[in-house]
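Reviewing the structure listed below.
The values are calculated or read from the model by the stated rules, or taken from the named source; none is laboratory data. All figures in this text were calculated on a predicted structure; none of them were measured in a lab. Counting neighbours? That spans all protein chains shown, and the Cβs are built from the backbone with ideal geometry, glycine included. Note: accessible area is taken over every heavy atom of the protein model, side chains too, but ligands, DNA and RNA are not part of it. Shrake-Rupley method; radii C 1.70, N 1.55, O 1.52, S 1.80 Å.
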Amino acid sequence: MSIGLTLLGLLEGGSRHGYDLKRAYDDRFGQNRSLAYGQVYSTLSRLLRDGLVAVDGVESGEGPERKRYSITPEGVEALERWLSTSEKPVADLHNTLFTKVVLAVLSGRDAHQVLDAQRRAHMDVMRDLTRRKSKADPTAQLVHDFSLFHLEADLRWLELAVSRLEQLTKEIAP
Amino acid sequence: MSARGNARTLRALRTRIGDFRLGVRLAVGGSRTPWGRLSLAAIGIGLGVAVLLLASSVPNMKQARDERQEARLAGVYGAYSAGPSSVDQEPVLLTAPQGTTFRGEHITGRALQPQVPDPPVPAGLEQLPGPGEMVVSPALQDLLQSPGAELLRPRLPGEVVGVIDKEGLVSPGELRYYTGVTDLSAAGVGVAAVYPEKSSRTQPGDALPPQLWIMLAFGVVVLLVPVVVFVAGTTRLAEAARSRRLAALRLVGADGAQIRRIASGEALVGAVLGVLAGWLFFLGGRQLAGHLSILGFSTFVSDIRPDWWMALLVTLAIPVITVTTAQAAMRRTIIEPLGVVRQVAPRRHRMIWRLVPMILGVLGLLFVGASSASVTDLQIPFLGSIVLLLIGVPLVLPWAVERVVQRGSAKSLPWQLALRRLQLSSGTAARSVSAIAVVLTGIIGLQTFMATIEAEERSQSTQSPSSRSFQPRHEVSVRGELAGPEQSLEELTEALAGLPATRHVEGVTTVRFGTLEVEEPRKTRVKRYRTRATIVDCAMLRELRDISRCRNGEVFREAPQDPQRTRDRQPWREPVRPGERLSAMARHHGPAGAQEHTAEAATWQAPQEFRQLPEQTGPSGTFSLSGLVLTPQAAEEIPWWARSVQVGLDFTDSASPDAIERVRNVAAEYLDFSGAHQYGTASAGSDAMTTYALIRYGLLLGALVTFALIGCSLFVTAAEQIQERRRQMAVLAAVGTRRRTLGWAAFLQNAVPMLVAVVLACLVGLGLGMLVVGVASLDTLTFDLPGMLGLVAIAALSVLVVTALTLPALRRAMHTDGLHSE
Amino acid sequence: MTLDASPDHREDAEPVLAGSDLHLSFGPTPALRGASLSVGAGETVAVTGSSGSGKSTLLHCLAGILMPESGQVRYGDHDITALPDKQRSALRRTDFGFVFQFGQLVPELTVDENVALPLRLAGVGHKEARRRAAHWMERLEVTGIADHRPGEISGGQGQRTAVARALVADPVVVFADEPTGALDSLAGEQVMTLLSDVAEESTTAVVLVTHEPRVAAYADREVVIRDGSTQREQEPVR
Ligand SMILES: Nc1ncnc2c1ncn2[C@@H]1O[C@H](COP(=O)(O)OP(=O)(O)OP(=O)(O)O)[C@@H](O)[C@H]1O
Ligand SMILES: [Mg+2]
């Protein structure tokens, strides 16, 4: 995921200071980790270099001087292009889980234990997300939903995998 | 009680009423369907109610007739004359019965002769008709004005001066007249004398012979029980849907009592509408019946009214029955609502308690049959047992159907669909044929009984020699009394032979002999009947009996009967002794009758020697010889007024149907109280026979009404199946099931329960018939196989009809939104 | 009849409803083989498990609709399995609310009448019942279809109607069998949010049967049932 493009998206609503941008980013997207200042400024300078943003003006008062950034037409174009291209499906997301389950089943261990443990962990996260979601604003809710759906998908996949493998072992087993 | 307690009871009461209202709401709540279902239920229950009301009006109809009959007799027959010496008073009115037959219809009449200036007037008359005048009933007036009446007029020559009012008539179609006469004598036999003080003597109605009573009572029960079963079945219309709905209520916390109340509320809506409809049908049908004449019967509209308590009973009992059945139907919903909602096949029906009514019925009938008391004294046990037996059929039927469908394993798809469906709802299936099963059972029982009676009668009549008398020697028989000294048998036969269509006219005269006895305590002289004598000349006698030698002046005597039988049945029929003096008895009601007392009592002395009258061998025909047979020369002292006349004649092939009317007119000219009967036309025969025929007709009529009801029940069944199957059909159609497959499935689904019902009905019906035959102590048990086959054919036909009625709905279900309906 | 059973504290307090070691078979099919579940006031417990594992059966046993062959269901001071039918019915009417998996709306009654049904069964007057029904219909956004009959509304609308009906009588325990089964994600979320809000506000206990982890995530706790027995009973959260 590109931070630069995300910043471009945030700037589309109107010009902002770098600090504002970081705050907005953290609010909306930073549920896992917040953005470091350095990263914001390095990204912005890269965008500036590529002509996707422009500096509107510099405000100087107490403290450090603050630049006001705004999006350029090229920036809007780049943003639109990004939004309209699909993400590459991540097929190998659960490599580790998959490996665990297969190993458990094939080694004759109870795959349900893996499943249950994983389910517990997933459900704990999901419950937490659900609780947080109920207090969040709509855009943040969307982000939570994204995670929830993905976690659910993981769980379902996991359950299916266990059932399938059990069937398989039953067939294989003498 | 504390205020809180009061509040609680109030709340409980409100909950109760609330449940009830909810039930009502559910009944009239749905989208378009419930109105159809409700009106079906209302019509079904209504027809049942109307039939029950009509049936409960019958006793009143009979009573009203009897009362009016009584009333007009009381006005006329104040006291029966038994001869002048028995009463000291002078009568105020004399009257004698008259009557004739015209084109197969009986016309009754009365001759009236006032003895004082202001005599009593029979009910329905304003004043007595003067001599030569007639007052006639409206129906007779119409008859007299109709074309062809000129053939009747000679017999009723009086001038019509008035019309008999309703209270003087038994039924609107009655043919009756009163005519004024001057020549009656109080002494005439059959003449009734009315005395000033009314001592109305009511004659108790004849009790029916036990066999006829059994037939009538049995028939009524057989016809009415299905009506009740039908009504009960109608309330359970669309029950599957109702169960599911109430089960849903049960799941959210309605307790058993609440479900029952809600179900009652629902059922009551149909019942109340049904009772209302029933009264409408009844009142409308009553109006119609007033204008109908069935088999010569007509009734005044105002006579068709049930007793108030009967009406109340029907009005209240029907809702009670419907509510009770509705509650009974909720048993499963209350016990396992989840199963109902999920449409799990119900648990097996238990057999034992279902058999109880039937076993009780069988035991009851066995008891009545074994009991030494007469059936008519055991009415309640007898009828109760039949009702129990019949009620047992719809109870056992669900079990039987369940048994049968549980067994079946299906190979083809239609069989599979039908059987699986029946397994899921064998109760509904059984219910849909229960009314028909009860009718079949009852009618098969009745058929067996009637067939047995008939067989009994046939075997008796072939055994007894009198059966030969059924073969008439002549086509037409004419009877009467000579009207005066100037008339004679010879003139009458000549006049009859002179008619265009007659041939082979011959006649005899008969005399009744009695002996004079003095009766204690008033030392009244009375004549007691001894024997009958027929006056026949030798030529004819040779034809009638196998007699080789006959001389004029000889007297023949019937061979003495079996003495045992004579003493038991006819104590007066001691054989006439040689040389015994007998006096002739007048049969006349009219002027001739008076002669018996005024003229020298005509005595006749039996000869010292009788010739033996040979046993009858061939058909005796019109003339039955019994007692004495006199050759004309031996009967010369017997006066005209003691002679009755019997003439036999045949019609030529070209005779018109009205030829008999011409014969009657001639007979009326020469004879008093004449009558002519043509064999093979209107039923002659004993009173018991006509009652038997009447009951049969009545039962036939009732059976028609019941079958009409069953027709409705078939329609109701079809409607129910449409309701229940709509979704199923839609689903099957949606997955591409062929219409023919669905049609076959529908047919099988109807045919299987019907088959079970027919088998059960045949078994129970035959058993019932046998038991009743046992009760009536008849021996020649006979089965009416053609009748049974007819019933089975009707049942088979009904399956086809129901299936046919369901097919359009099936077609609709296949391309409408059947899938979406909940 | 109301049994006195509404403890105020949700944690460590006595559970409101506790079924333990429940067994039930349908003929030869064992549906429950030692299932246990308890729920406290204001708590939502999710029952999950694969299809046919016995979730609905467990729910029906807990609610006193089915009688287990062995095991107990404690509600307040009573063992529901030992109560006579009349009292169990009364409990369902006054203390429990239901959202069923199948055939729950009465097809003859309109949506608002369906919602008011538990109140009417409990003897609440017509006006009062309507008023309270209107409140819940508004919260579940089915006011617009109040006059429709179940046959005329969508599956999701029907489910929301059922939820409104489950909540209308202020129950102590709500049993919900797949309450979001026919709903899209957003509508399901609304229903679940509402259910959990209500549980929170009025300390209602909720037993929630579902096969969707996202829906189960609204619960405070999850009980997995496999082949008729509960896998993880009484495990505290946090
Ligand atoms: N009335 C019944 N008769 C016979 N078996 C039944 C009955 N009800 C349920 N079962 C059986 O009991 C088991 C559990 O059913 P239950 O309805 O509780 O499953 P569930 O977990 O709710 O499944 P789902 O998620 O599909 O609704 C199933 O195997 C089912 O076949
Ligand atoms: Mg289920």
Failed item in (1) open to solvent by less than 50 Å² (accessible area, probe 1.4 Å); (2) at pLDDT below 75; (3) not basic (K, R), with B:L53 passing the rest
(2)
Has region C:106-116 got any residue that is within 12 Å of chain B (Cβ to nearest Cβ), in contact with a strand residue (DSSP E or B) (Cβ under 7 Å, 6 or more places away or on another chain) and at pLDDT below 85?
no
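Which residue, of C:T210, C:T180, is closer than 18 Å to C:F100 by Cα, touching a strand residue (DSSP E or B) at 6+ places or on another chain (Cβ under 8 Å) and within 16 Å of ligand 1 (Cβ to nearest atom)?
C:T210
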The lone exception for C:A162 - which of (1) in contact with a strand residue (DSSP E or B) (Cβ under 8 Å, 6 or more places away or on another chain); (2) away from chain A (no Cβ under 14 Å); (3) away from ligand 1 (no atom under 16 Å from the Cβ); (4) of a type in the set (G, A, S) it fails
(3)
For C:F100, the lone unmet condition from (1) buried (at least 22 other Cβ atoms within 10 Å of the Cβ); (2) farther than 21 Å from C:E201 by Cβ; (3) more than 9 Å from chain B (Cβ to nearest Cβ) is (3)
All positions within region B:275-306 that are at pLDDT below 80 and not hydrophobic (A, V, I, L, M, F, W, C):
B:G290, B:H291, B:S293, B:G296, B:S298, B:T299, B:S302, B:D303, B:R305
Of the conditions (1) in contact (Cβ under 8 Å) with a residue 60 or more places away in the chain; (2) within 16 Å of ligand 2 (Cβ to nearest atom); (3) farther than 27 Å from C:R120 by Cα, the single one that C:E222 does not satisfy is (2)
Would it be correct to say that C:V47 is within 14 Å of ligand 2 (Cβ to nearest atom) and either closer than 18 Å to C:V172 by Cα or not in a loop (DSSP other than H, G, I, E, B) (or both)?
yes
B:E167: among the acidic types (D, E) and crowded, with 19+ Cβ neighbours inside 10 Å, yes or no?
no
Quickly run through region B:456-500 and pick out the residues that are modelled with pLDDT of 60 or more, of a type in the set (S, T, N, Q) and open to solvent by 60 Å² or more (accessible area, probe 1.4 Å).
B:Q460
Where a residue in region B:777-801 is in a loop (DSSP other than H, G, I, E, B) and its partner, wherever it lies, is at pLDDT below 80 and of a type in the set (D, E), with Cβ under 6 Å and at least six apart
B:L778/B:E456; B:T780/B:E456
When residues of region C:66-82 are limited to those that are among the hydrophobic types (A, V, I, L, M, F, W, C) and open to solvent by less than 20 Å² (accessible area, probe 1.4 Å), the one nearest to ligand 2 (Cβ to nearest atom):
C:V73
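Condition test on C:L37, is it within 8 Å of ligand 1 (Cβ to nearest atom) and within 19 Å of C:V174 (Cα to Cα)?
Considered against the rule, which asks whether it is within 8 Å of ligand 1 (Cβ to nearest atom) and within 19 Å of C:V174 (Cα to Cα), C:L37 comes out as no.
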Whichever residue in region C:40-68 is within 24 Å of A:L160 (Cβ to Cβ) and aliphatic (A, V, I, L, M) and, among such residues, is farthest from ligand 1 (Cβ to nearest atom)
C:A46
Give all pairs with beta carbons closer than 7 Å in which a residue from region C:50-61 that is free of Cβ contacts under 8 Å to residues at least 12 places away in the same chain meets a residue that is in a loop (DSSP other than H, G, I, E, B) and more than 6 Å from ligand 1 (Cβ to nearest atom); count only pairs at least 6 apart in sequence or on separate chains.
C:H60/C:L66
Please name all residue pairs, on different chains or six or more residues apart, with Cβ atoms under 8 Å, provided the first residue is in region B:103-132 and is in the same structural domain as B:P157 (by TED's automatic domain parsing) and outside any loop (DSSP other than H, G, I, E, B) and the second residue is surrounded by fewer than 19 Cβ atoms within 10 Å (Cβ to Cβ) and β-branched (V, I, T).
B:Q113/B:T182; B:P114/B:V92; B:P131/B:T182
Take C:R120 and tell me if it is assigned to a helix (DSSP H, G or I) and within 18 Å of the chain's Cα centre (by Cα).
no
In this structure, does C:G155 turn out to be modelled with pLDDT under 90, surrounded by fewer than 21 Cβ atoms within 10 Å (Cβ to Cβ), within 16 Å of ligand 1 (Cβ to nearest atom) and within 12 Å of chain B (Cβ to nearest Cβ)?
yes
Which numbered condition B:I334 misses (of (1) among the β-branched types (V, I, T); (2) within 14 Å of chain C (Cβ to nearest Cβ); (3) open to solvent by 60 Å² or more (accessible area, probe 1.4 Å); (4) away from ligand 1 (no atom under 16 Å from the Cβ)):
(3)
Regarding region C:180-198, can at least one residue be identified that is touching a Leu at 6+ places or on another chain (Cβ under 6 Å) and either within 15 Å of ligand 2 (Cβ to nearest atom) or within 12 Å of chain A (Cβ to nearest Cβ) (or both)?
no
As an exercise: evaluate B:V269 against (1) open to solvent by less than 10 Å² (accessible area, probe 1.4 Å); (2) part of a helix (DSSP H, G or I); (3) modelled with pLDDT of 80 or more and give the number of the one condition it does not meet.
(1)
Hey, does region C:33-45 have a residue that's touching a helix residue (DSSP H, G or I) at 6+ places or on another chain (Cβ under 6 Å), at negative phi and not acidic (D, E)?
yes
Testing C:D220 on (1) out of contact with any Asp or Glu (no Cβ under 9 Å at 6 or more places or on another chain); (2) within 11 Å of another protein chain (Cβ to nearest Cβ); (3) closer than 17 Å to C:A41 by Cα, one condition comes back false. Which one is that?
(1)
